[in-house]
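What follows is a single structure, written as structure tokens, with notes after it.
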Amino acid sequence: MAETHYFIGISLSVPAQQTLAQLQNNLSQDVSYKQWTNPKDLHITLTFLGGVKPGKVEEIQQRMRKVARSHSPFPILLKGIGTFGKENQPRVLWVGAEKTNSLTALHREVQDQCAEAGFKKDNRSYTPHITLAKKWNNPQKFLSSIPEAMIGEEEFVHSFSLFRIHPDQQPKYERVEHFKLGEEA
């Protein structure tokens, strides 16, 4: 039996989900993607764990409770649109999240705790973002420029979560545990 995949991320508020869903709707007129992220699945990834054995889930939960206690809530700004992949047919379309000191510190501690638990640490430079769409759809169509869009939405980060991934469902991500920043468990 295949292991269930998990990640740790920051959920967005309902107003931010609604704003970004409208942005997705507007962008879908101009760009060609196979998968548009369900608005309820919009998040900022802190770390992707991949396949996790059931016994390891509890260890991650304990470690993340400790991480959450050591951080205070903080604001971030959602701004700018970017892509990953080929310039004219990018595989991912995203909205950026401001790389604040608080977000960077939270990301680093989450990564460090997961590495101590035996998970592979991602050594790439951290680019905090919210994936709007994946998998370029039309090989005959090219992205000439990224459309300008509203961005400048402030989001207040009060918590982060451990999510289980259900690839064949909508929404795909199930919150396993919610970790409130600065709060004793």
- Does at least one position in segment 20-29 carry a residue that is within 25 Å of residue 101 (Cα to Cα), within 17 Å of the chain's Cα centre (by Cα) and not small (Gly, Ala, Ser)? yes
- Can you name the residue in segment 49-68 that is among the basic types (Lys, Arg) and modelled with pLDDT of 95 or more and is also surrounded by the most Cβ atoms within 10 Å (Cβ to Cβ) among such residues? 63
- Message: Just the residues that are surrounded by fewer than 14 Cβ atoms within 10 Å (Cβ to Cβ) and among the acidic types (Asp, Glu), please, taken from segment 79-113.
- Response: 87
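Kindly check whether there is at least one residue in segment 71-84 that is within 28 Å of residue 3 (Cα to Cα) and modelled with pLDDT under 95.
yes
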- Message: Checking the structure you have, find out if any residue of segment 109-116 is over 14 Å from the mean Cα position of the chain (by Cα) and more than 21 Å from residue 163 (Cβ to Cβ).
- Response: no
- Query: Pick from segment 1-42 the residues that are among the aliphatic types (A, V, I, L, M), over 19 Å from residue 92 (Cβ atoms) and modelled with pLDDT under 90: which of them is surrounded by the fewest Cβ atoms within 10 Å (Cβ to Cβ)?
  - Reply: 1
- Within segment 114-127, track down each residue that is touching a residue at least 40 places away in the same chain (Cβ under 8 Å) and surrounded by 13 or more Cβ atoms within 10 Å (Cβ to Cβ). 114, 117, 119, 122
- Are there any pairs with C-beta distances below 6 angstrom linking a residue in segment 63-77 that is touching a residue at least 60 places away in the same chain (Cβ under 8 Å) to a residue that is of a type in the set (S, T, N, Q), with the two at least 6 apart or on different chains, and if so which? 67/113; 74/102; 76/100
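Determine, yes or no, whether residue 59 is touching a residue at least 12 places away in the same chain (Cβ under 8 Å), over 21 Å from residue 36 (Cβ atoms), among the acidic types (Asp, Glu) and in contact with a strand residue (DSSP E or B) (Cβ under 6 Å, 6 or more places away or on another chain).
The answer is no for residue 59.
The values are calculated or read from the model by the stated rules, or taken from the named source; none is laboratory data. All of these numbers come straight from a predicted model, not from anything done at the bench. Every residue, glycine as well, gets a Cβ built from its backbone with ideal geometry; the counts of neighbours run over all protein chains shown.
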